[in-house]
Amino acid sequence: PDSTSFDLGTGFYTILDWGGGGQHMIYRDKHLRLFAMNTETGQSVQISEDIRRQWGFGATEVSTSPNGEWLAYTREETNFNRNIYLYNFASGDSTLLTDGMADVGGPAFSPDGELLYFTASTTAGPTHVGLDMTTQERPYRAGVYVAVLTADGKSPLAPKAGDEEADAKDEDESSDEEETTLSYDLAGAKSRIQALPVEQALYTDLSVGKDGKLYYVKSVQPGVENTPPGQRLQADAELIQFDFEERKAKSIAKDITAITLSSDGEHARARKSDGSLV
């Protein structure tokens, strides 16, 4: 298609996501406001506004549901911890998902839209303010969690079924359910949050592939490496894959500092520690 120019006015803008099959462009402006632009009409709607400039691990992170109906976004609260909110594009309403007791980040929807993955840290306090040197070498340890957004949704960590043959009626019912529109039960979603069996570390760039496996970057903690001249920072960062069939995480690539999955979940663009893209 021909390129299109949208008149946003002058200023500084950061594009955060291009979601819902290209229906929405999610971006921030220099006033710390979060917007969603309808790419067909060019109209923008303000979703949120942050209280203060976010430093370090406090940057706003977003994920658009595969059907383009929902946006998961982080917002820093007065206690410096980030919460995750779910915004509905049709109603314009935002619903709080987390409780503010941990610093959360990296929201990522599953391909079917029933699950939302994210990180959460209860040791992030000393890293929150980036205006003094005492925060520079503090570790940021987070776990990885999954929230089941639908009331009858199945957790990917649920006990595995036995070898019994599936009932034909049940199979037909499950097929019908897949064709229905998702209905989120956000009031009960907090009680359906589970921790993945992984160690706490510095995790970023959560993404879910077409196969349903979770991918994320495990970075080197601040203060751990004292890189000599000529060597690259974060050269030991790695790309991790969590397989829900095996219930295990494994390293699948070294020297990866960031990833972005394609919209179909089949390919990824990765950045190495030297800044090159693969």
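The values are calculated or read from the model by the stated rules, or taken from the named source; none is laboratory data. Because the structure is a prediction, the values reported are computed rather than measured. Quick reminder, even Gly has a Cβ in these numbers, built from the backbone with ideal geometry, and neighbours come from all protein chains shown. Keep in mind that these areas ignore ligands, DNA and RNA; they rest on the heavy atoms of the full protein, side chains included. Shrake-Rupley method; radii C 1.70, N 1.55, O 1.52, S 1.80 Å.
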**Report entry** Filter pass, Ile51 being in a strand (DSSP E or B) and not small (Gly, Ala, Ser)
**Finding:** no
Query raised in the report: Tally time: how many residues in the range 85-107 are within 18 Å of Ala201 (Cα to Cα) and small (Gly, Ala, Ser)?
Result: 3
Requested in this report: For Tyr13, state whether it is at pLDDT below 90 and either closer than 24 Å to Ser121 by Cβ or open to solvent by 20 Å² or more (accessible area, probe 1.4 Å) (or both).
Outcome: yes
Report summary line: Flagged in the range 61-75 as within 19 Å of Asp205 (Cβ to Cβ) and at pLDDT below 90, in numbering order, are Pro66
Query raised in the report: Residue check: is Val148 modelled with pLDDT of 90 or more and over 21 Å from Thr60 (Cβ atoms)?
Result: yes
Report task. Specify the residue that is modelled with the highest pLDDT; the eligible residues are those in the range 132-145 that are hydrophobic (A, V, I, L, M, F, W, C) and under 30 Å from Gln194 (Cβ atoms). Result -> Val144
Query - Count - residues of the range 16-38 that are modelled with pLDDT of 90 or more and either of a type in the set (Phe, Trp, Tyr) or not in a strand (DSSP E or B) (or both) - result: 2
